[in-house]
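First up is the structure itself, then whatever we jot down about it.
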Amino acid sequence: QKVSVEVLDHLEHLALVDFRDSEGVERLQKAIQFADQLHEVNTDGVEPMDSVLEDRWCLYLREDDVTEGNCTKELLENAREKVEEYFVAPPGNIPLPKLEERETFLQGS
């Protein structure tokens, strides 16, 4: 199933993911094929749920006890971009290609 330029454009803006190359488009098409399997599941008579835990009146939370710590420096080494001692997320807007550029990649996939 081919992905239209409009759908690709919409997904890029929602997820801030660049599907500019054919590998990205191919990966997206495989994900759509995988998710399409859900249409084969018979859900007749099944009411939609807000949560898998919707039958509970309240959720029980565990105590937030710190068992390890003082590892800020090591954690921040994983950051692509940081300001002082904070992660920057998302790490800047990605430059999205023009629609014409995307059409070339879609035609090749």
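Just to be sure I understand, how many residues within region 27-47 are closer than 28 Å to Leu8 by Cα and either outside any helix (DSSP H, G or I) or not charged (D, E, K, R) (or both)?
We begin by selecting, within region 27-47, every residue closer than 28 Å to Leu8 by Cα; these are 27-41.
So of that shortlist, the ones also either outside any helix (DSSP H, G or I) or not charged (D, E, K, R) (or both) come out as 28-29, 31-35, 37-39, 41.
Matching residues across region 27-47 total 11.
For region 1-14, name all the residues that are open to solvent by less than 60 Å² (accessible area, probe 1.4 Å) and under 16 Å from the mean Cα position of the chain (by Cα). Reasoning before the result, please.
Quick first cut of region 1-14, residues open to solvent by less than 60 Å² (accessible area, probe 1.4 Å) only: 3-5, 8-9, 11-12.
Leu8, Asp9, Leu11, Glu12, listed by residue number.
Which members of region 30-74 meet the condition of being modelled with pLDDT of 85 or more, under 22 Å from the mean Cα position of the chain (by Cα) and open to solvent by less than 100 Å² (accessible area, probe 1.4 Å)?
Ala31, Ile32, Ala35, Asp36, Gln37
The values are calculated or read from the model by the stated rules, or taken from the named source; none is laboratory data. The structure presented is a predicted model; accordingly, all values stated were derived computationally and were not measured. Heads up: the accessible areas ignore ligands, DNA and RNA and are worked out on the full protein's heavy atoms, side chains in. Shrake-Rupley method; radii C 1.70, N 1.55, O 1.52, S 1.80 Å.
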